[in-house]
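This report concerns only the one structure given below.
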Amino acid sequence: MRPQADPILMTTMRLPFIAANWKMFKTVHEAVVYAKEFRGAVKDVDDVEIVLAPPFTALHAVAEAVRNTNVGVAGQNLHWEREGAFTGEISAAMLTEAGAEYVIIGHSERRTYFGETDDTVNRRTLAALTAGLTPIVCIGETLDERDAGQTLDVLDRQIKGGLDHLTATQAALLVIAYEPVWAIGTGRNASPEQAEDAHAHIRTRLRQWFGAEAAEQCHIIYGGSVKPGNIAELVVQLDVDGALVGGASLDLRAFAEIVSKSRRAKV
Ligand code: PEP
């Protein structure tokens with residue numbers, strides 16, 4: 001069950017959402033050591049939705065380590081079929097059985113290196129929702145696309161294609177991660193204004209395509225070189241509901257600091 005914002009204390013109904021994408025880092029042992037210490041470091045944080053996305057091999061062990069805490073667990077990908085001859089793939093049911101409640105879909109590294117398209121993002125998103133997983137759907141433009149003034153068109157295409165056939169109720173449950181490709185792992189983050197422009201545009205499109213309620217409930221988080229030093233200025237933006245954190249999340253102290261600096265930023 002996802003935590004809800006306190007409507008009296010928060011000016012927005014959306015709790016900040018902070019997720020760690022560990023990519024292909026951490027053995028099972030390393031992941032569990034981290035998870036056990038991390039759950040203690042954030043145990044008093046009841047106003048941020050916190051998620052760890054370990055590699056598949058460590059998913060179950062991390063889920064056990066954070067069971068009955070305020071930390072959730074995500075897969076980094078899933079296949080849309082229930083089962084079958086798909087070597088190297090993993091199904092929604094396998095993720096949920098291992099303890100995941102969330103799944104990252106369409107990360108730019110999947111799009112760049114593994115042929116992910118808006119169509120496969122759409123299939124995975126529908127499969128995740130059907131299985132009760134919260135999809136964290138990644139979108140974002142390349143540097144060439146930004147320089148060519150195509151950012152908003154790229155976002156429109158990715159949202160329209162990736163979220164095709166979703167109902168408004170399903171769209172409301174989504175987490176959309178705006179991750180400009182030029183900011184991922186480069187140390188160069190989008191400015192708060194660049195992030196807010198993109199996020200506000202995404203929310204406008206969600207409003208047009210799924211209605212006002214879905215647009216208000218959907219979390220739109222930012223990803224791309226988020227660190228303890230820049231999270232506060234990002235999450236204070238009206239439409240920036242949190243962050244997907246790669247590199248900095250590998251360090252427990254840095255990630256715990258990012259969580260703590262995103263707290264109550266919108267009160
Ligand atoms: C990511 O992988 O989703 C990401 C945002 O990475 P980084 O924080 O390292 O830029």
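What follows is calculated from the coordinates using simple rules that are stated; it is not laboratory data. A quick note: this is a predicted structure, and the numbers were derived from the prediction, not measured. Positions of Cβ are generated from backbone atoms using ideal geometry, with glycine treated the same way; all protein chains shown enter the neighbour counts.
Please verify whether Leu143 is in contact with a strand residue (DSSP E or B) (Cβ under 9 Å, 6 or more places away or on another chain) and touching a residue at least 24 places away in the same chain (Cβ under 8 Å), treating the condition exactly as stated. It is false that Leu143 is in contact with a strand residue (DSSP E or B) (Cβ under 9 Å, 6 or more places away or on another chain) and touching a residue at least 24 places away in the same chain (Cβ under 8 Å). Note on the range 207-224: among residues that are touching an Asp or Glu at 6+ places or on another chain (Cβ under 9 Å) and not charged (D, E, K, R), the one that is surrounded by the most Cβ atoms within 10 Å (Cβ to Cβ) is Tyr222. The number of residues in the range 138-168 being assigned to a loop (DSSP other than H, G, I, E, B) and of a type in the set (D, E, K, R) comes to 2. Being outside any strand (DSSP E or B), more than 19 Å from the chain's Cα centre (by Cα) and farther than 28 Å from Asp119 by Cα holds for only one residue in Ala61, Ala35, Ala85, and it is Ala61. Report yes if some residue within the range 77-94 is within 16 Å of the ligand (Cβ to nearest atom) and closer than 25 Å to Lys227 by Cα; otherwise report no. There is at least one residue in the range 77-94 that is within 16 Å of the ligand (Cβ to nearest atom) and closer than 25 Å to Lys227 by Cα.
Pairing each residue of the range 29-42 that is of a type in the set (Val, Ile, Thr) with any residue that is part of a helix (DSSP H, G or I), provided the two are 6+ apart or on different chains, yields C-beta distances under 6 Å for Val32/Ala61; Val32/Ala65; Val42/Ala256; Val42/Val259. Residues that are among the polar types (S, T, N, Q) and within 15 Å of the ligand (Cβ to nearest atom) within the range 217-267 comprise Ser225, Asn230, Ser249, Ser262, listed in sequence order. Of the candidates Ala198, Ala171, the single residue that is in contact (Cβ under 8 Å) with a residue 40 or more places away in the chain, closer than 20 Å to Gly242 by Cα, touching a strand residue (DSSP E or B) at 6+ places or on another chain (Cβ under 8 Å) and not in a loop (DSSP other than H, G, I, E, B) is Ala198.
Residue by residue, here is whether (1) within 9 Å of the ligand (Cβ to nearest atom); (2) on the phi > 0 side of the Ramachandran plot; (3) in a helix (DSSP H, G or I) holds:
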| position | (1), (2), (3) |
| --- | --- |
| Gly187 | yes, yes, no |
| Ala190 | no, no, no |
| Leu206 | no, no, yes |
| Ala215 | no, no, yes |
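Mind listing just one residue for me: the one in the range 225-236 that is closer than 14 Å to Tyr178 by Cβ and in contact with a Lys or Arg (Cβ under 9 Å, 6 or more places away or on another chain) and, of those, surrounded by the most Cβ atoms within 10 Å (Cβ to Cβ)? So the residue we want is Val235.
Evaluate the range 104-115: report whether one residue or more is within 16 Å of the ligand (Cβ to nearest atom), in contact with a strand residue (DSSP E or B) (Cβ under 7 Å, 6 or more places away or on another chain) and assigned to a strand (DSSP E or B). The answer is yes; a qualifying residue exists. If only residues of the range 146-168 that are without any contact (Cβ under 8 Å) to a residue 12 or more places away in the chain and charged (D, E, K, R) are counted, the one that is farthest from Gly229 (Cα to Cα) is Asp153.
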